[in-house]
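A short worksheet on the structure shown next.
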Amino acid sequence: MLSKKMEKAINEQINAELYSSYLYLSMATFFESVSLGGFANWMRQQAQEELFHGMKMFDYVCECGGRVTLKAIDKPPSNWASPLDAFQNVLAHEQKVTGLINDLVNLAQEERDHATTIFLQWFVSEQVEEEASAGGLVDKLKMIGKDASALFMLDTELGQRTFTLPAKE
């Protein structure tokens, strides 16, 4: 059973995960508008992954006998100066989410909620991957600079990304 404090905090994180999905959909439409379909695909896949994260938390709250309370999702930005600017925003956003997950882990430990502490370890590991992926793309975009052919190659590479639901644990 979740404490009310833990339930409220996870509900806040569900909203943050749904916002992340919304943000990446906004980025997808930005990339579509500048004819970078591969980048748009990467963002669409990322949006699906973030929705999965939110639903994983949603299911956990329900499984623990809690109540999910949904609230409005903030409007995300819709324009970025460049692909590099967009991915720098992705990296900063993922770093913020890492902080939020760490705060949840700290709260679970304070509450002596061992089940939630264990549950959240998946998200801790996931955030390492998220930051590494975004950081790697920032590095590539910095190397590319204004090289249109390199940008085209990266766009083609990002167009290959797919999201597969992880197996149930």
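Read-outs: derived from the displayed coordinates by stated rules, not from any lab. Just so it is clear, the model here is predicted, and its values are computed rather than measured. Glycine gets a Cβ as well: all are built from the backbone with ideal geometry, and neighbour counts include every protein chain shown.
Is it the case that D103 is surrounded by fewer than 19 Cβ atoms within 10 Å (Cβ to Cβ) and not aromatic (F, W, Y)?
yes
Tell me the residue from T98, T117 that is surrounded by 16 or more Cβ atoms within 10 Å (Cβ to Cβ) and free of Cβ contacts under 8 Å to residues at least 24 places away in the same chain, please. Don't jump to the end; show me each part of the working.
Numbers: T98 fails: free of Cβ contacts under 8 Å to residues at least 24 places away in the same chain.
Just a single option satisfies the conditions, and that option is T117.
Collect the residues in the range 23-38 that are out of contact with any Gly (no Cβ under 8 Å at 6 or more places or on another chain), buried (at least 17 other Cβ atoms within 10 Å of the Cβ) and part of a helix (DSSP H, G or I), keeping them in residue-number order. Spell out the reasoning first.
First, the residues of the range 23-38 that are out of contact with any Gly (no Cβ under 8 Å at 6 or more places or on another chain): 23-30, 32-36.
Add one more test, that the residue is buried (at least 17 other Cβ atoms within 10 Å of the Cβ), and what stays is 23-28, 30, 36.
The answer is L23, Y24, L25, S26, M27, A28, F30.
Can you find even one residue in the range 42-50 that is among the polar types (S, T, N, Q) and more than 18 Å from L154 (Cα to Cα)?
Taking the range 42-50 and keeping what is among the polar types (S, T, N, Q), we get 45-46, 48.
After this cut, where a residue has to be more than 18 Å from L154 (Cα to Cα) as well, the list is 48.
Yes, some residue in the range 42-50 is among the polar types (S, T, N, Q) and more than 18 Å from L154 (Cα to Cα).
For the list (1) part of a loop (DSSP other than H, G, I, E, B); (2) of a type outside the set (K, R); (3) out of contact with any Phe, Trp or Tyr (no Cβ under 9 Å at 6 or more places or on another chain); (4) closer than 16 Å to K8 by Cα, I need the number of the one condition that A81 fails.
Condition not satisfied by A81: (4).
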